[in-house]
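Okay, structure first, notes after.
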Amino acid sequence: MNTIIKDIDSYIALQPENIKQGLEEFRQTIKSVAPDAEEVISYAMPAFKYHGMLVGFAAAKNHYGFYPWNGHTTEKFKDDLKGYSCTKGAIHFPIDKPIPKSLIKKIVKVRMQENISNETNKMNK
C-alpha cells in the first residue's frame with residue numbers, strides 16, 4: 001500500500017526508529033535559521049519554502065540526503081563538504097555520524113539570500 005505523505009511529521013513517522021532523531025535534527029536546524037520558512041513535502045520528501053524552494057532533506061539506507069534545490073551549492077561549499085559524498089544537487093551525510101548543524105545553517109542562510117535575490121531580480125525585470 002502506498003502511503004501519501006502530507007507533512008513532515010508524517011514523513012518522519014514512517015521512517016525507521018534509528019533515523020527519526022536525525023531527521024528531526026535537520027528539521028529543527030533549518031527552522032532555527034529560517035523560522036518563517038514554510039514546511040512542505042516536495043518530491044515525496046520534507047522541504048522548506050522561503051521565497052521559493054529553499055532546501056529539502058530525506059532518509060536513505062546509509063545516509064541523510066540534503067538538497068539545496070540548485071546545482072551550484074555543492075560547488076560553492078566544496079571546501080566545507082570535503083569528506084562528504086555529494087552530487088551536483090545533493091549532499092549525503094552518513095546516518096552513523098553527527099549531523100553537521102553549523103554547516104547546514106550556513107548553507108540555509110546562503111540559500112535564503114539567494115532566493116530573496118532571485119525574487120528581487122524577477123520583480124525588477
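What is the number of the single condition among (1) over 13 Å from ALA34 (Cα atoms); (2) among the small types (Gly, Ala, Ser); (3) within 13 Å of the chain's Cα centre (by Cα) that ALA47 does not meet?
Every condition holds for ALA47 apart from (1).
Just to be sure I understand the filter: pairs with C-beta atoms under 9 Å, separated by 6 or more residues or on different chains, first member in segment 80-102 and within 21 Å of MET53 (Cα to Cα), second member among the basic types (Lys, Arg) and open to solvent by 70 Å² or more (accessible area, probe 1.4 Å). Which pairs pass?
That search, which allows pairs on different chains as well, returns CYS86/LYS78.
Can you name every residue in segment 11-33 that is surrounded by 13 or more Cβ atoms within 10 Å (Cβ to Cβ) and either in contact with a Gly (Cβ under 7 Å, 6 or more places away or on another chain) or touching a residue at least 24 places away in the same chain (Cβ under 8 Å) (or both)?
Matches in segment 11-33: TYR11, ILE12, GLN15, ILE19, GLY22, LEU23, GLU25, PHE26, ARG27, THR29, ILE30, VAL33.
Please go through segment 111-123 and give me each residue that is without any contact (Cβ under 8 Å) to a residue 40 or more places away in the chain and either surrounded by 14 or more Cβ atoms within 10 Å (Cβ to Cβ) or among the β-branched types (Val, Ile, Thr) (or both), ordered by number.
Residue satisfying the conditions is THR120 alone.
Tally the residues that are modelled with pLDDT under 95 and among the hydroxyl-bearing types (Ser, Thr, Tyr), restricting the search to segment 43-79.
3
What single numbered condition from (1) over 27 Å from LYS122 (Cα atoms); (2) modelled with pLDDT of 95 or more fails to hold for LYS31?
For LYS31, the failing item is (1).
Give me a count of the residues in segment 62-82 that are in contact with a helix residue (DSSP H, G or I) (Cβ under 9 Å, 6 or more places away or on another chain) and of a type in the set (Asp, Glu).
Residues in segment 62-82 being in contact with a helix residue (DSSP H, G or I) (Cβ under 9 Å, 6 or more places away or on another chain) and of a type in the set (Asp, Glu): 1 in total.
Residues to consider are GLN21, GLN15; find the one that is part of a loop (DSSP other than H, G, I, E, B) and either modelled with pLDDT under 90 or under 22 Å from ILE4 (Cα atoms) (or both).
Sole residue among the options that is part of a loop (DSSP other than H, G, I, E, B) and either modelled with pLDDT under 90 or under 22 Å from ILE4 (Cα atoms) (or both): GLN15.
Which members of segment 66-101 meet the condition of being closer than 21 Å to ASP36 by Cβ and not β-branched (Val, Ile, Thr)?
Listed by number, the residues that qualify are PHE66, TYR67, PRO68, TRP69, ASN70, LYS101.
Do you know which residues across segment 1-10 are surrounded by 14 or more Cβ atoms within 10 Å (Cβ to Cβ) and assigned to a helix (DSSP H, G or I)?
Once the filter is applied, which keeps residues that are surrounded by 14 or more Cβ atoms within 10 Å (Cβ to Cβ) and assigned to a helix (DSSP H, G or I), segment 1-10 yields only ILE8.
The values are calculated or read from the model by the stated rules, or taken from the named source; none is laboratory data. Fair warning: this is a prediction, and the values are worked out from it, not measured in the lab. No Cβ is skipped: glycine too gets one built from the backbone with ideal geometry, and neighbour counts run over all protein chains shown. Heavy atoms of the whole protein, side chains included, go into the accessibility calculation; ligands, DNA and RNA do not. Shrake-Rupley method; radii C 1.70, N 1.55, O 1.52, S 1.80 Å.
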